[in-house]
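As structure tokens, the structure follows; a few thoughts come after it.
FYI, it's all coordinate maths here, none of it is from the lab. These figures come from a predicted structure and were not determined experimentally. Note: ideal-geometry Cβ built from the backbone for every residue, glycine included; neighbour counts use all protein chains shown.
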Amino acid sequence: MNKDIIKKLVPIHKYELTKFLCTAALTFLISYIHSILHISKDVLVISQLGTESISAIKMWAVLPTSLIFMFLYIKLADKLTRAQLFYTANWFFIAYFVLFALVLYPYREALTININSDVLTQLPALKYLFKIISNWHYSLFYAFSEGWVVIMLSISFWQTANHITSIEESKRFYPLFGTAANVGKMMASILLANCVTRSANWQPTLNTITSSIVLAGIGITVCLFTLEKIIGEDAFNLKKGYFKSKNKISFKESLKYITSSKVILLITSILLCYNISLNLVEGVWKKSYEVFFVSNANQIQAFISKLEFSISIASIIGTLVGVYVLQSFKWRIGALITPIIMLLTGGAFFLLIFFGDVTSMLTLQTSAMLVAVILGAIYNMLSRALKHSVFDPNKEMVYIPLDDDLKTKGKAAAEVIGMRFGKGSGAVIQQGLFALFPTLTLLDLSPIIFIIFLGISLWWFYSIFSLSHITTKLK
């Protein structure tokens, strides 16, 4: 009986074990670095520049760098093997984070660009743009941190996993890859929670986490090298020039080719909906805990680290549910779980923001802002836990029966546009509202943001039902 339960929860055959463990180790290490960067970038920007600056960074820094990263990735994909491309992306990002720790952060005051106060007075609608330009080193760190998860996790890792995993294996492997990712995030949150000090100097913390990132980067290299040997270099790698043909298409033409695929368009649409929804609610929520913690970097880091740990635990539990959902229900059922949960919890959070005074009375004088921070944390925990345990595995299964061009170039465009433009679109919405109402904060703008959130949720449901019809035919 016990063996049957273990086989149900961890459905891996002995002959698959080596490949599975090596691939799981990759997602563990990549997710470990991602979690460190995710926490660190928010701590830096919220404590130094304010929550409203995040949307400006996503709009003016993350979007352009995402396009550059995607352009470079597609160009290099024509010249490098799969493993070479993976190695290059890994050390490109890690080299920047080392540069930030050794040069950009220690000399941040000297590197800050001073902008004339008269300009800020004359153009109040652009005050957040000027702020992120002035503090360009923080903005660039945020952009590279966002780039890591797209290029390394969403594209490089999942392209590799999709290439070496069959459809049958994916139903058993992919939810467990989510578990490995969440264990990595747990380790990162424990590290950052232990790095919190009473000192205002964040440099010692930065030195510790950067050293950890470098070690994890070495681990990624070792895992990838080992996996390449296990699978076989010929089977693992695409040959150099694989994407080339007699009628080689340009970057612009490749985007047109990708958008001509309805499957890729719908996957992109679902990614956009997830990220815009998450971005809109997170913006208001982050403002609530900035106000509650009075912009204290150490308190914010401690809070986010504990939240990340909770998210990891919830995700591991969710993974067990994910295994059951993938093996027991149709694709559409699994795909609908995430938007339904996000709509319910996000809606409850906004209602709390709207009726905060009533909540204070009902909770016997408990701070309404504290309750909002907690409920927002629950929304964040569930939405991100579902992403790794249910949302990502369901999304990745759609790529498997597609042709090689759509699995590589199509996936690259869908992931970068869906994720970065999703967050970027949420940022554009917020920046547009700030331009119209420059004196208001995110909390003041929450009623308008809530209406937009509802509209995005409805489009998400439509995209899932449309994609469900296509995936049924593909199978």
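For the chain, find the longest principal axis of its Cα atoms and tell me its angle to the long axis of helix 297-328, 0 to 90°, nearest 10. Between the helix axis and the principal axis of the chain, the angle is about 30 degrees. Under 5 Å from the amide H of Lys79 lie the amide H atoms of Gly241, each residue being 5 or more positions distant or on a separate chain, with H modelled from the backbone and absent for Pro and chain starts. Compared with the dominant principal axis of the Cα atoms in the chain, helix 446-474 is inclined by about 10°. Extending 7 Å from Cα along the Cβ direction at Val222 and again at Ala95 yields two label points whose distance is 2.3 nm. For the residue pairs Lys286/Lys387; Lys131/Lys185; Lys127/Lys287, alpha carbon separations beyond 29 Å are given by Lys131/Lys185. Near the amide H of Leu445, within less than 5 Å, lie no amide hydrogens of residues on another chain or at least 5 residues away, with H placed in the peptide plane.
Quick one: of Lys41/Lys407; Lys19/Lys229; Lys262/Lys395; Lys330/Lys395, which pairs are farther than 22 Å apart, Cα to Cα?
The answer is Lys41/Lys407.
Annotation: peptides 101-109, 154-162, 86-94, ranked by per-residue average of other Cβ atoms within 10 Å with the highest first, follow the order 154-162, 86-94, 101-109. Basic side chains Lys and Arg get +1 at the Cβ, acidic Asp and Glu get -1 at the Cβ, and with that the dipole of the chain about its Cα centre reaches some 1160 debye. Note on Ile133 and Asn201: the model spin-label points, each 7 Å out from Cα along the C-beta direction, lie 3.4 nm apart. Helix content alone sets the calculated 222 nm mean residue ellipticity of the chain: runs of n ≥ 4 DSSP H residues at -39500 (n - 2.57) each, divided across all residues, give -25000 deg cm²/dmol.
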